[in-house]
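Below: one structure, written as structure tokens.
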Amino acid sequence: MYADHMRYKGNENFMLAYNDTGSRPHFTTLVDTSLMHMKADTFKSIRQIKIIDSLKTDTLDYFIGFNKVRLFKDDIQMVCDSLTYSLKDSVFTLFSDPVMWSDTTQLTGDTMMFYLKNKVMDRLVIKENGTVINSEDLIFYNQVKGRLVEGYFEKGKMKKMKVDGNAEVIYYLKDDKKLYIGVNQSKSSNITFKMSGSQISDILFYIDVKSKVFPMSVNHESLKIKGFRLESESRPKGVDDL
């Protein structure tokens, strides 16, 4: 942790870091063999004692960043208003319209949680208005939306994604030469995506499935899901951009 001012009480797991200059506190930690950098107006850690019953308590330690949190890692970037990290569960929770980017994919939602296992990304949960946008050429956009989006990782790479509740997908089809041949619009109660590398290998639809395939001459703007927005200008480009 780098900051102008820091207060720390190890026996209470209390820490408060803040700056009074134009810069902001800078936090770094190792995640999945590479450094994760994070800046916010203020960082804080606290310990809460939760009373379970008259004979048992539970100790909960939290790391908190608030006001304009920005995060950069080689393979993941994030911005949000505030976040918490639970040391017990190894869970980051991002609040107030967080945005996450990974390679050519952007993820948004009301609240976002990502779980670490042995300091490697294990699971991602987006609650309410979960939206995933992916594009290889920044011209045509694959889109996914649902009430709840869950991504499952293996060795730090997403292997499966489940979308539950009013699930909707816009997916551009390609031939063997990777040329666009049409676009699929599908809606169902639940959708599961299976991944191979960075590509979707299989899509499974469950309950009340409605699907259409349009030619590439379709009005692509009309196919954009409700709430479609790109946040490219907000994406941290490096550590110096935090």
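The values are calculated or read from the model by the stated rules, or taken from the named source; none is laboratory data. This one's a predicted model, so the numbers in the text were calculated from it and none came from an experiment. No Cβ is skipped: glycine too gets one built from the backbone with ideal geometry, and neighbour counts run over all protein chains shown.
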Inset, instruction - Mind listing whichever residues of segment 183-202 are buried (at least 16 other Cβ atoms within 10 Å of the Cβ) and at pLDDT 85 or above? - result: VAL183, ASN184, GLN185, SER186, LYS187, SER188, ASN190, ILE191, THR192, PHE193
Legend entry - Subset of segment 134-180 that is over 15 Å from the mean Cα position of the chain (by Cα) and among the small types (Gly, Ala, Ser) - its residue that is surrounded by the most Cβ atoms within 10 Å (Cβ to Cβ): ALA167
Inset, instruction - Quickly run through segment 46-76 and pick out the residues that are closer than 21 Å to ASN118 by Cα and of a type in the set (Ser, Thr, Tyr). - result: THR59, TYR62
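Have a look at ASN142, ASN118 and point out the one that is under 22 Å from SER189 (Cα atoms) and not charged (D, E, K, R).
Numbers: ASN118 fails: under 22 Å from SER189 (Cα atoms).
After applying the criteria, what remains is ASN142.
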Inset, instruction - Among residues belonging to segment 34-77 that are of a type in the set (A, V, I, L, M, F, W, C) and touching a residue at least 60 places away in the same chain (Cβ under 8 Å), point out the one that is farthest from SER102 (Cα to Cα). - result: MET38
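Taking the condition closer than 20 Å to ILE76 by Cα and either assigned by TED's automatic domain parsing to the domain that holds LYS117 or touching a Ser or Thr at 6+ places or on another chain (Cβ under 8 Å) (or both), does VAL239 pass? Explain how you work it out, then say what you get.
On the way: closer than 20 Å to ILE76 by Cα: yes; either assigned by TED's automatic domain parsing to the domain that holds LYS117 or touching a Ser or Thr at 6+ places or on another chain (Cβ under 8 Å) (or both): no.
When the stated conditions are applied, VAL239 does not pass them.
For segment 55-85, which residues satisfy the criterion of being farther than 22 Å from GLU12 by Cα and small (Gly, Ala, Ser)?
We begin by selecting, within segment 55-85, every residue farther than 22 Å from GLU12 by Cα; these are 67-82.
Listed by number, the list holds a single entry, SER82.
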Legend entry - strands (runs of 3 or more DSSP E) fully within segment 8-79 counting 1 or more residues that are β-branched (Val, Ile, Thr) and surrounded by 11 or more Cβ atoms within 10 Å (Cβ to Cβ): 26-31, 42-53, 56-73
